[in-house]
Structures are given as structure tokens and as C-alpha cells.
1. Would you check if there is a residue in segment 95-103 being assigned to a helix (DSSP H, G or I), within 11 Å of the chain's Cα centre (by Cα) and surrounded by fewer than 16 Cβ atoms within 10 Å (Cβ to Cβ)?
2. Among the residues of segment 107-131, write down those that are in contact with a helix residue (DSSP H, G or I) (Cβ under 7 Å, 6 or more places away or on another chain), farther than 14 Å from Arg47 by Cβ and in a helix (DSSP H, G or I).
3. If a residue has to be of a type in the set (Ser, Thr, Tyr), farther than 14 Å from Ala109 by Cβ and without any contact (Cβ under 8 Å) to a residue 12 or more places away in the chain to count, how many in segment 29-85 make the cut?
4. Which of the residues spanning segment 125-160 are surrounded by fewer than 20 Cβ atoms within 10 Å (Cβ to Cβ), more than 30 Å from Ala100 (Cα to Cα) and either without any contact (Cβ under 8 Å) to a residue 12 or more places away in the chain or not charged (D, E, K, R) (or both)?
5. Within segment 1-28, work out how many residues are within 17 Å of Lys168 (Cβ to Cβ) and touching a residue at least 12 places away in the same chain (Cβ under 8 Å).
6. Filter segment 16-69 down to residues that are among the acidic types (Asp, Glu) and not in a helix (DSSP H, G or I), then give me how many there are.
Amino acid sequence: MNIGLIVFLALVSAPIFWGVAIYNQLVTLKNNTQKAWSNIDVLLKQRNSELPKLIDTCKQHMSYENETLQSVIKARNLVESALKTKDMSKIDGAEMKLEASLTGLFAVAEDYPELKASESFLRLQTRISTLEESIADRREFYNDTAAMNNTRLQQFPDNIVAKAFHFKEATLLSFHKEELVDIDVAASFQG
């Protein structure tokens, strides 16, 4: 074989191998982003399945706080609907409402010594709080993974391969202005 043919084959095959390598890396990033979202989804579903048990436990002790319980139920249903759409902005908004309603519920529970002493309530409160912490951790991990994916999709020369194969940017989970403001729980129960 002559040197000219070897050089020619190397020049022709190098861009192909380069394109395949970039494509495979982009697929890995896309799949990691989807996996990170799936981990959040699992935790959200676990938390949502615990909420009816918490509400039932609270109903046994909080006969005068129906509005607070209804707020949690409504927010939970909103999250369930948002999860089905897979629209990150709807999920963010629904999650914010659920978090606020749970904060209100736990604040009102302070006024019910029997409820606070209930083993079932304490177990559920701990379980939901643990799930909330896990969701926050997974949310951060998802955003890191999505940001890496999006960065690669925008970088040259990866963006050429990404456009050719219709790779999409991942939506980051963001905080709404309301989530960054301290919640005045006392005001929620006045008047």
C-alpha cells in the first residue's frame, strides 16, 4: 500500500470517527439528563403517595382546619397534573404551591398537641421532609446534568452534530421569585 492511499483514507475516516465520537457523547449527556429527571419524578411520586396518609392523619386531629387540608390536597393534585404534562414550568409552579401549603400545614399542626404527639403524624412528617430534601438534592443534580448537556449542544464543533441529529436542550428547573422570599406563615392564618 502506498503512503498516499493511507493518508487519503486517514483524512476521509478521521471526520467520520470524530462525528461518531461526538454523537455518542451527546447521546450519553441526553440520557443522563433524562435519568436525572426520572430520579426526581420517582421522588415526587413517592412524596405524593405519602401526602394522602398525612392528610388523613391530620383530619383525625384537626377538625377545624379544613381549609388548610384542602389547600394541601389541591396543591398535590396540581403537582400530579403537572407531572403528566412534563412541562418544567408547570411542575415548578405546582411544586411551589405544594411546598407553601405543606409549610402552612406543619405550622398549623403546632397548635394541635395531640397531632404533634401522634406517632403516625411524626413518621409521615419526617418521611415527607426527607423526601423534600432528596428532591432538592436531585433537582440540583438534574440542573447540573442539564447544564452540561446544554453547554455541549452550544459548543463548536459539537453544535454541528447536535443540529444534524436534532438534539434538544434540556429545560433547567428554576426558582420562582416567590420561592426565594421568606414565607410569612402567621399571615396565612390571620383573617
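1. First pass over segment 95-103, keeping only residues assigned to a helix (DSSP H, G or I): 95-103.
Add one more test, that the residue is within 11 Å of the chain's Cα centre (by Cα), and what stays is 95.
Pick out the ones that are also surrounded by fewer than 16 Cβ atoms within 10 Å (Cβ to Cβ) and you get none.
For segment 95-103, residues assigned to a helix (DSSP H, G or I), within 11 Å of the chain's Cα centre (by Cα) and surrounded by fewer than 16 Cβ atoms within 10 Å (Cβ to Cβ): absent.
2. Residues satisfying the conditions are Ala107, Val108, Ala109, Glu114, Leu115, Lys116, Ser120, Phe121.
3. Within segment 29-85, the first condition is being of a type in the set (Ser, Thr, Tyr), and the residues that meet it are 33, 38, 49, 57, 63-64, 68, 71, 81, 85.
Pick out the ones that are also farther than 14 Å from Ala109 by Cβ and you get 33, 38, 49, 81, 85.
Applying the additional criterion that residues be without any contact (Cβ under 8 Å) to a residue 12 or more places away in the chain yields 38, 49, 85.
So the answer is 3.
4. Scanning segment 125-160 gives Met148, Asn150, Thr151, Leu153, Gln154, Gln155, Phe156, Pro157, Asn159, Ile160.
5. 4
6. First pass over segment 16-69, keeping only residues among the acidic types (Asp, Glu): 41, 50, 56, 65, 67.
Filter once more, keeping what is not in a helix (DSSP H, G or I): 65.
Counting residues in segment 16-69 that are among the acidic types (Asp, Glu) and not in a helix (DSSP H, G or I) gives 1.
Coordinate-derived values only; no laboratory data. Predicted, not measured: the structure shown is a model, and the values here were computed from it. Positions of Cβ are generated from backbone atoms using ideal geometry, with glycine treated the same way; all protein chains shown enter the neighbour counts.
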